[in-house]
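This report concerns only the one structure given below.
The values are calculated or read from the model by the stated rules, or taken from the named source; none is laboratory data. Bear in mind that the values here come from a model prediction, so they are computed numbers and not experimental data. Here the Cβ positions follow ideal geometry from the backbone for every residue, glycine too, while neighbour counts run over all protein chains shown.
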Amino acid sequence: MNETHASSPKAEPFSAALAVAAGIDFAELRVGPQGLFWNEYRPQDGASRIWHWRDGQPHCLTPADFSVSSRVYEYGGGSFCLSDDGVVFVNEKDQQLYRHALDGSAPQALTQGTCRYGDVQCAKGLILAVEQEADLHRLISIDLATQQRQVVAEGADFYAAPTLSPNGQRLAWIEWSKPHQPWTSTRLMLAEGQIDGHWNAAHCMAGERSEESLQQPRFNEHNRLYCLTDRAGFWQPWAESGEGLVPAQSAAADHAPAPWQLGGRTWLPLGEQHYLATWTEAGFGRLGIHAADGSVEEFTGDYSRFRCLALDDGFIYCIAASPVSPSAIISIRRSDKQVSVLAGGVAPLPPEHISRPQTLRYPSGNGEAHGFFYPAMHGESTPPLVVFVHGGPTSACYPMLDPRIQYWTQRGFAVADLNYRGSTGYGREYRQALHLNWGKVDVEDACSVVSYLAEQGLIDGDNAFIRGGSAGGYTTLCALAFKDVFRAGASLYGVSDPIALTRTTHKFEGDYLDWLIGDPVRDAERYAARTPLLHANQIRVPVIFFQGELDAVVVPQQTRDMLKALEDNGIPAKAYYYPEERHGFRKASNQAHALEQEWLFYSDLLNH
């Protein structure tokens, strides 16, 4: 890490360390006969561990020398499942599968070698998982009684969501092939079982003849197959029929985010045309049980985002958050909708000190963009603005308590958290708007929000800053290079050279740039026009960089090249490198350091 640190002014009550410490998060949740289990990430030690709700209290199951996290496709997901006697999980350090009984014994390895595992499921005594061996991917099963491994499916470029029917005779999964991404075009596959334990040849249920994104296949209690598809414009539940898939009654809204990670659980079938789901309206999450007649029993309450749904006869369980509470494990009693918080959800600030999100919908380019505006909690009547640009870029931000955003609003900054065109949550057409337009429409949206908010008298348009991580860092650097809107910017492990990214990035995103910008050879001019590194001489404002040295997605050399180009042009620039961090920072000390240094960087400009 760069050892040169700016001197801190008088300490603020809500420090960067407090903001980061409040960032406890939850990745996955499962319920079974032995109770409720979840995967909890704590920034203090950068580890993720499984917790078990027992006797009215949470108990940590995972020993201190283990961390539960998958790195399949680099972004992981689906890192544990329930077995008859405990859990099966992916250990972060070696990426192997371990069986961990609830009797207090140590975890026992189920696999050995260099493969990675993710999207782990358990059914009928079998562990189903995505197995990654270098750039080869397949679906495998492991018999827990014999530990015999069997290849279930191979040959496609990518696999996800292996799902077994209740009778054990039908196996569904999602697969896709390069150059597609899981949010552009996938296939729903189905295989039927044989008496000897092997599967018949699979056939494609949907996605073979047209571009549609299918995700989260599920079987109901009668072994009927359902799946989310965006063929009607939004990710909505469709059901198996004699004619393929037919739509279930649902809101015209996305019922899932883009599947960057494996193991998503944003809907669960309960019976014929009857299901529990979360969906998005104007960026805010809703939760309800949908009946066959189209009626909905609402369970949304005060929350605005829901993830990892699970349920039993008496309760709905999920990871939920609201504008005044961070992520929490909650239970909702189905009979009277009483909510209990089982873990997390502790706000780092009293409610009256929390800046609440206001829905943003504003004109930009030849369309409109979305997001959320957080007013400054004190200071000038027209405060400086920080524009947050999420990564992905096919991802999203949500109207929930984010301690990082509150860190800025507590210091007199307003925040615009953007869902620029291309983001998830507003349907396929909005998501597809980024096709061949990365570095263009996202930049338009990031700049247009400044003029829009300034015209409303909500911010000082002359004191706007922009920040983003990964793909958000690319948008940040493009905005600084090609527009004259911002006073400074921050790139956290951001892309500065898309062509270099195509040469060094991993398989999951190996063809993504072709979709976002074009063919690197045929569209070389377009790449050159949208490469911040080639236009560093057009950046006239200071930039600060934060980079993990172990990053395999955006390699550190990209940041070093961009920093040197700015320094050669005499532009004030700083960079901090974190030796043990990958793509996205996990250690609390590093997260807090980066947050504080960014604030000091902007504050110094405002004070001169």
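Here Ala565, Ala594 are screened, and the one residue that is of a type in the set (Gly, Ala, Ser), touching a strand residue (DSSP E or B) at 6+ places or on another chain (Cβ under 8 Å), surrounded by 17 or more Cβ atoms within 10 Å (Cβ to Cβ) and in a helix (DSSP H, G or I) is Ala594. The strands (runs of 3 or more DSSP E) found entirely in the stretch 229-274 that carry 1 or more residues being in contact with a Ser or Thr (Cβ under 9 Å, 6 or more places away or on another chain) and at pLDDT below 95 are 244-247. Can you confirm whether the stretch 395-407 contains a residue that is assigned to a strand (DSSP E or B) and in contact (Cβ under 8 Å) with a residue 40 or more places away in the chain? The answer is no; no qualifying residue exists.
For Ile319, indicate whether it is β-branched (Val, Ile, Thr), over 21 Å from the mean Cα position of the chain (by Cα) and either surrounded by 17 or more Cβ atoms within 10 Å (Cβ to Cβ) or more than 23 Å from Pro162 (Cβ to Cβ) (or both). The answer is no for Ile319.
Candidates are the residues of the stretch 27-52 that are of a type in the set (Phe, Trp, Tyr) and modelled with pLDDT of 95 or more; the one that is surrounded by the fewest Cβ atoms within 10 Å (Cβ to Cβ) is Trp51. Of the residues making up the stretch 159-170, at least one is in contact with a Lys or Arg (Cβ under 7 Å, 6 or more places away or on another chain), surrounded by fewer than 14 Cβ atoms within 10 Å (Cβ to Cβ), in contact (Cβ under 8 Å) with a residue 12 or more places away in the chain and part of a loop (DSSP other than H, G, I, E, B). Residues in the stretch 289-306 that are closer than 25 Å to Val341 by Cβ and of a type outside the set (A, V, I, L, M): Glu297, Glu298, Phe299, Thr300, Gly301, Asp302, Tyr303, Ser304, Arg305, Phe306. The residue that is nearest to Asp157 (Cα to Cα), counting only those in the stretch 538-561 that are at pLDDT 95 or above and polar (S, T, N, Q), is Gln547. Is it the case, given these coordinates, that Val31 is closer than 25 Å to Ala258 by Cα, touching a residue at least 40 places away in the same chain (Cβ under 8 Å) and in a strand (DSSP E or B)? So Val31 passes the test.
Out of Ile517, Ile459, Ile466, I need the residue that is touching a residue at least 60 places away in the same chain (Cβ under 8 Å), farther than 25 Å from Ala565 by Cα and of a type in the set (Val, Ile, Thr). Which one?
Working: Ile517 fails: farther than 25 Å from Ala565 by Cα; Ile466 fails: farther than 25 Å from Ala565 by Cα.
The unique qualifying residue is Ile459.
Please go through the stretch 70-88 and give me each residue that is in contact with a Lys or Arg (Cβ under 9 Å, 6 or more places away or on another chain) and farther than 17 Å from Tyr317 by Cβ, ordered by number. Spell out how you get there, then give the answer.
Filtering the stretch 70-88 for residues in contact with a Lys or Arg (Cβ under 9 Å, 6 or more places away or on another chain) gives 70-74, 76, 80-83, 85-88.
Within the stretch 70-88, Ser70, Arg71, Val72, Tyr73, Glu74, Gly76, Ser83, Asp85, Gly86, Val88 meet the criteria.
Entry remark, the stretch 329-361: residues being within 17 Å of Arg411 (Cα to Cα) and outside any loop (DSSP other than H, G, I, E, B) number 3 in total. For the stretch 568-584, a tally of residues being touching a residue at least 40 places away in the same chain (Cβ under 8 Å) and within 20 Å of the chain's Cα centre (by Cα) returns 2. Candidates are the residues of the stretch 275-298 that are under 24 Å from Arg356 (Cβ atoms) and among the β-branched types (Val, Ile, Thr); the one that is modelled with the highest pLDDT is Thr278.
On inspection, Glu352 qualifies as farther than 30 Å from Gln181 by Cα and surrounded by fewer than 18 Cβ atoms within 10 Å (Cβ to Cβ). In the set (1) surrounded by fewer than 17 Cβ atoms within 10 Å (Cβ to Cβ); (2) more than 26 Å from the chain's Cα centre (by Cα), Tyr527 fails one condition alone, (1).
Filtering the stretch 545-562 to residues that are buried (at least 17 other Cβ atoms within 10 Å of the Cβ) and under 14 Å from Leu534 (Cα atoms) leaves Gln558, Thr559, Met562. The C-beta contact set for the stretch 65-84 (first residue farther than 22 Å from Leu144 by Cα and touching a residue at least 60 places away in the same chain (Cβ under 8 Å), second residue assigned to a loop (DSSP other than H, G, I, E, B) and among the aromatic types (Phe, Trp, Tyr), distance under 8 angstrom, 6+ apart or interchain) comprises Tyr75/Trp260.
Just one of the listed residues (Ala592, Ala524, Ala588) is within 28 Å of Gly510 (Cα to Cα) and either among the small types (Gly, Ala, Ser) or in contact with a Lys or Arg (Cβ under 8 Å, 6 or more places away or on another chain) (or both), and it is Ala524. In the stretch 88-143, what residues are surrounded by fewer than 14 Cβ atoms within 10 Å (Cβ to Cβ) and either among the polar types (S, T, N, Q) or within 19 Å of Phe37 (Cβ to Cβ) (or both)? Within the stretch 88-143, Asp103, Gly104, Ser105, Ala106, Gln108, Gln112, Thr114 qualify. Across the stretch 440-463, a minimum of one residue is classified as among the charged types (D, E, K, R) and under 20 Å from the mean Cα position of the chain (by Cα).
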